[in-house]
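Quick notes on the structure that follows.
The values are calculated or read from the model by the stated rules, or taken from the named source; none is laboratory data. Model, not experiment: these values are computed from the prediction. Reconstructed Cβ throughout: ideal geometry from the backbone, glycine too, with neighbour counts over all protein chains shown. The protein model used for the area step is the full one, side chains on, heavy atoms only, and it has no ligands, DNA or RNA in it. Shrake-Rupley method; radii C 1.70, N 1.55, O 1.52, S 1.80 Å.
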Amino acid sequence: MSSLHKSRIADFQDVLKEPSIALEKLRELSFSGIPFEGGLRCLCWKILLNYLPLERASWTSILAKQRELYSQFLREMIIQPGIAKANLGVSREDVTFEDHPLNPNPDSRWNTYFRDNEVLLQIDKDVRRLCPDMSFFQRATEYPCLLILDPQNEFETLRKRVEQTTLKSQTVARNRSGVTNMSSPHKNPAPALNEYAVLPNGCEAHWEVVERILFIYAKLNPGIAYVQGMNEIVGPLYYTFATDPNSEWKEHAEADTFFCFTNLMAEIRDNFIKSLDDSQCGITYKMEKVYSTLKEKDMELYLKLQEQNIKPQFFAFRWLTLLLSQEFLLPDVIRIWDSLFADDNRFDFLLLVCCAMLILIREQLLEGDFTVNMRLLQDYPITDVCQILQKAKELQDSK
């Protein structure tokens, strides 16, 4: 470990040990990348995403309260519906019209269960293909959810619920803006459902934890529920918290990820709502902002893309909606997110990062035809994210 890196760790530790965290100082440090050592990144992200307050004295009580609240969500939204379904199946003579699976009332318990299944099937399909170029999400978590995997009770897990449902997956495809595939072409395809190793009883894979987080989010936010792509937002958050070197924090990665994801979605959810696309908070406005910034910074490149009719929707939609999580390998995505979360106007900085990505490949884009340029933008060639962030910072400073 270099002396510079040791010095950066010490700087973070100094800021984080204060009774009241100096947010501006933390942001300034985090913008240049947060060290993994000692769980620093996990802690900083929790503060920067407004999960933990700036007053250290309240952390213990807030964490205990939030984690208990998450356990309550598990009981109400996963365990109880499974128990109710099992009970209805056992004592059929006690089934009332209200509880009957064929009850046409849209608010009946069964209709809710079936509607939830449609959302669950889409989530299941997406989380199984999370980061296919690494095995982490297929491996067993050290901290399975004991509340659900209680050996005294055979509670229905979401995985069992998916396996038992007979709904056809064609009925559940829900996507944004008519895009049929939000994954990057350079990512390896996920294995088929039956190619995953079956884990022993009492174990669960990391993707199952992510599935639970997204399902509970969808239940608590029926207005938006689940839209494909949310899996790519929750993935890096969960990975970061579930690999925390501090085992006391790592044990609660699921609950902590849920609340940080909820807070992050509160800031970017408009990107996932099609009806808001053309509003000032919608994704179309943000994509056009990338081009207007490019026009200001590099007119020649802007005119070339215009001339070839390369619209920002062709590439910037995915870049912006998924916070670049599909364009780079996971460690690089996490490094980019350090800067995004640290920036005061973090999603303004994201626009500058996208603009920097275009300018850094300007020579190739100026030489290429439509097909070559589309391939460059759909499968971005530069892998050095520090170079991209540095360029984005230059653009920010030159305003």
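Here are the numbers:
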quantity: 37 °C / 0.692 mPa s Stokes-Einstein diffusion coefficient of region 3-58, Kirkwood radius on C-alpha pairs, µm²/s; calculated: 291
quantity: Solvent-accessible surface (1.4 angstrom probe) belonging to Arg159, in square angstrom, nearest 10; calculated: 60
quantity: Region 1-65: relative contact order in percent, alpha carbon pairs under 8 Å with at least 6 residues between; calculated: 30
quantity: Partners for Lys65 among aspartates and glutamates (Cα-Cα distance below 12 Å; same-chain residues under 8 apart left out); calculated: Asp256
quantity: Solution diffusion estimate, µm²/s, Stokes-Einstein, region 268-380, Kirkwood Rh from C-alpha pairs, 20 °C, viscosity 1.002 mPa s; calculated: 148
quantity: Length gained when the stretch Gln313-Thr60 is fully extended (0.36 nm per residue, less Cα-Cα span); calculated: 86.7 nm
quantity: Environment charge at Phe349 (Cβ cut-off 14 Å; Lys +1, Arg +1, Asp -1, Glu -1); calculated: 0
quantity: Distance between modelled label sites at Glu156 and Cys386, nm, 7 Å Cα→Cβ extension; calculated: 5.1
quantity: Solvent-accessible surface (1.4 angstrom probe) belonging to His252, in square angstrom, nearest 10; calculated: 60
quantity: Charged-residue dipole, Cβ positions (Lys, Arg, Asp, Glu), region 227-313 about Cα centre, Debye nearest 20; calculated: 380
quantity: Solvent-accessible area, 1.4 Å probe, carbon plus sulfur percent, for region 274-398; calculated: 50
quantity: Accessible-area order (highest first, 1.4 angstrom probe) of the listed residues Arg129, Arg375, Arg115, Arg335; calculated: Arg375, Arg115, Arg129, Arg335
